[in-house]
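Some notes on the structure that comes next.
None of the figures in this text is laboratory data; all of them are computed from the coordinates on show. As the structure is a prediction and not an experimental result, all values here were calculated from the model. Please note: Cβ atoms are built from the backbone with ideal geometry, for glycine as well, and neighbour counts cover all protein chains shown.
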């Protein structure tokens with residue numbers, strides 16, 4: 001259902017994106033980077049040029065992702081904002097060693113999400129929150145050369161798009177990048193530890209993380225609120241296949257690549273009496289079961 005998930009986010013506003021999705025000859029392979037900010041490093045780290053020069057020591061890498069899904073709670077970069085909304089110079093970053101440029105930018109509008117208890121819509125963020133963009137990212141680097149990758153960017157709560165769209169639609173997320181999540185990089189009050197509960201639900205093959213997540217009170221609120229779709233405990237087994245120096249990317253000294261498989265001895269336990277409003281999930285299921293109701297935008 002991954003390709004259907006991508007098509008759902010299309011909203012018919014980009015011929016380039018529509019052609020990209022319809023041209024996929026296999027189920028879409030999506031790499032999800034929650035709380036991404038303007039960190040485009042994963043496009044290199046999941047590119048064959050890097051992977052071949054840094055082979056796994058235990059196991060093997062899966063096939064590269066077709067597209068990257070970035071999500072974030074806020075929009076903290078003024079240059080990035082002006083590119084998306086004002087058509088400014090499309091160079092997001094240029095430090096003399098690497099340059100990041102956006103192209104083929106398409107504004108898909110805002111997802112019609114209900115208000116979420118952990119986020120307060122304000123006049124300051126109303127113009128971008130729940131808005132979805134598509135663009136190509138070209139990274140030119142003295143170390144890796146040049147690559148161009150497609151990115152979908154949804155400015156929304158990570159747990160909301162995961163629990164209200166991705167899991168109900170049975171979207172398969174081949175790679176999950178869990179780096180720089182909170183802990184001082186975005187001002188968030190969550191370390192994203194709840195993501196370890198959904199690895200199996202999203203059919204994740206490779207979990208890339210900096211090992212810094214742990215349970216905050218907010219993690220428990222997320223797991224409880226979306227307890228009807230998020231398992232109450234992690235049910236995956238992970239095996240480290242690669243470790244790289246994390247300095248320069250995270251506060252951690254290492255970044256781990258871990259293969260994911262479901263623990264056959266554990267069965268997911270859900271919390272149907274959690275806080276989530278069931279009518280919202282039922283509404284999403286009705287939309288998914290009727291292609292004429294696929295428009296989820298305002």
| said: For the stretch 42-179, what does the convex hull of the Cα positions come to per residue, in cubic angstrom? | reply: 136 Å³
| remark: Here the tail fraction of P(r) beyond 18 Å, over all Cα-Cα pairs of the stretch 59-131, rounds in percent to 55 percent
| field | FRET efficiency for residue 91 and residue 52, using Cβ-Cβ distance with R0 set to 30 Å, rounded to 0.05 | value | 0.60
| task | Going by C-beta contacts inside 10 Å, put 91, 237 in order with the fewest on the left. | result | 91, 237
| field | Paramagnetic label zone (point 7 Å from Cα along Cα-to-C-beta, residue 237; backbone N under 15 Å) in the stretch 49-70 | value | 59
| said: Using helices alone, I'd like the mean residue ellipticity at 222 nm for the chain: each DSSP H run of four-plus residues gives -39500 (n - 2.57), total over residue count, nearest 500. | reply: -5000 deg cm²/dmol
| said: Based on the alpha carbons, how large is the Rg to Rh ratio for the stretch 2-293 when Rh follows Kirkwood? | reply: 0.93
| request: Would you order 203, 22 from fewest to most other beta-carbon atoms within 10 Å of each residue's own beta-carbon? | output: 22, 203
| query | With the radius of gyration and the Kirkwood radius both derived from the Cα set of the stretch 1-84, what is their ratio Rg to Rh? | reply | 1.01
